[in-house]
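Here, each number is a calculation from the coordinates, and none is a lab measurement. A quick note: this is a predicted structure, and the numbers were derived from the prediction, not measured. Here the Cβ positions follow ideal geometry from the backbone for every residue, glycine too, while neighbour counts run over all protein chains shown.
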Amino acid sequence: MDRNWRMYNLPFQEVLDDIEEDIIIVTDPPYNINFKYNTYKDKLPKEEYLDMLGSLIKNYPCVIILYHEILHELTAHTQIIPDKIMEWVYSSNNLRHHRGIAFYHCKPDLTKVRQPYKNYNDPRVKEQIRRGSKGARSYDWWHIQQVKAGSKEKGIHPCQAPIKLMDNIIKVIPDDYVVCDPFMGGGNNWCCKSNEQ
Ligand SMILES: C[S@@+](CC[C@H](N)C(=O)[O-])C[C@H]1O[C@@H](n2cnc3c(N)ncnc32)[C@H](O)[C@@H]1O
């Protein structure tokens, strides 16, 4: 599936001011961990950082990928509780192997991402396949490898989100919005063709 997209190289507030359509935010934001990005500082005062993310979840339906401890801080700061938190799970040499995917003012429809059936001998599964089913509904966690130096999709950005992850998210969110990533980084996630038809 080809996607129409437009890209802005601007601070995110200016982009949001420019967009007139109804948008849903889908983003892998800065984590405020002093990462060395080219343009933006990744070490804001805590209040300022939480206000920045809070301004998104207060004003838009949003899907935000974050460490759980930051999600908890964001909840305490904004008093806005996500409607659903899914999990992005990956193998890593570091101690951290998962992040939350928090859905604000929207919920994922997990029937829109299919995964292989576990038991093809189950008569109910056989019947589903006979009716044309392409797999079982997705779990509420996804095991998707991080983009590493040797990954096929590796571009120039130092911490890319995997295309598959962003692609899955776009599939499960309500489709009556324009998707906006205010912290798009290298932009590999969106300037791409979907892996699946
Ligand atoms: C975690 S990275 C996102 C990487 C992206 N998902 C990718 O795959 O390339 C966060 C990005 O947000 C950008 N950023 C930080 N503050 C910003 C701001 N105020 N406006 C726009 N972008 C910002 C950073 O430069 C960084 O590229």
Under the 7 Å Cα-to-Cβ spin-label approximation, Tyr40 and Asn9 lie apart by a distance in nanometres of 1.6
Per the helix-only model, the chain has a calculated mean residue ellipticity at 222 nm (DSSP H runs of ≥4, -39500 (n - 2.57) each, divided over all residues, rounded to the nearest 500) of -7500 deg cm²/dmol
Of all DSSP beta bridges having both residues in the range 1-101, the percent classed as antiparallel (nearest 5) is 65
Residues whose built amide H sits under 5 Å from the amide H of Ala136, excluding neighbours closer than 5 in sequence, are Gln115, Tyr117
Among Lys107/Lys152; Lys41/Lys107; Lys58/Lys84; Lys41/Lys164, the pairs whose Cα-Cα distance exceeds 20 Å are Lys107/Lys152; Lys41/Lys107; Lys41/Lys164
Assertion target for Tyr60, Tyr31, ordered by fewest C-beta neighbours within 10 angstrom first, is Tyr31, Tyr60
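Considering only DSSP states other than H, G, I, E and B, which trypsin sites (Lys or Arg not before Pro) in the range 130-165 qualify as loop sites with at most 16 other Cβ atoms within 10 Å?
Qualifying residues, ordered by number: Arg131, Lys134, Lys148, Lys152, Lys154.
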Note: the range 71-197, point scatterers on Cα, Debye, no solvent; log10 I/I(0) at q = 0.19, 0.20, 0.22 Å⁻¹ equals -1.26, -1.33, -1.44
Ordered by fewest other Cβ atoms within 10 Å, a rough proxy for footprinting exposure, Asp181, Asp17 read Asp17, Asp181
By Cβ neighbour count within 10 Å, fewest first, Ile169, Ile24, Ile81 rank Ile81, Ile24, Ile169
Among beta bridges assigned by DSSP with both residues in the range 12-180, the antiparallel ones amount in percent, to the nearest 5, to 60
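Which GluC sites (Glu not before Pro) in the range 1-106 sit in a loop by DSSP (not H, G, I, E or B) and have at most 14 other Cβ atoms within 10 Å of their own Cβ? Write out the running numbers ahead of the final one.
Values: sites: Glu14, Glu20, Glu21, Glu47, Glu48, Glu69, Glu73, Glu87; in loops: Glu20, Glu21.
Hits after loop and neighbour filter: Glu20, Glu21.
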As straight-line cross-link partners of Lys134, the qualifying aspartates and glutamates (C-alpha separation under 19 Å, not fewer than 8 residues apart within one chain) are Asp109, Asp122, Asp167, Glu196
With the 8 Å Cα cutoff and a minimum separation of six or more residues, the chain has a relative contact order in percent of 28
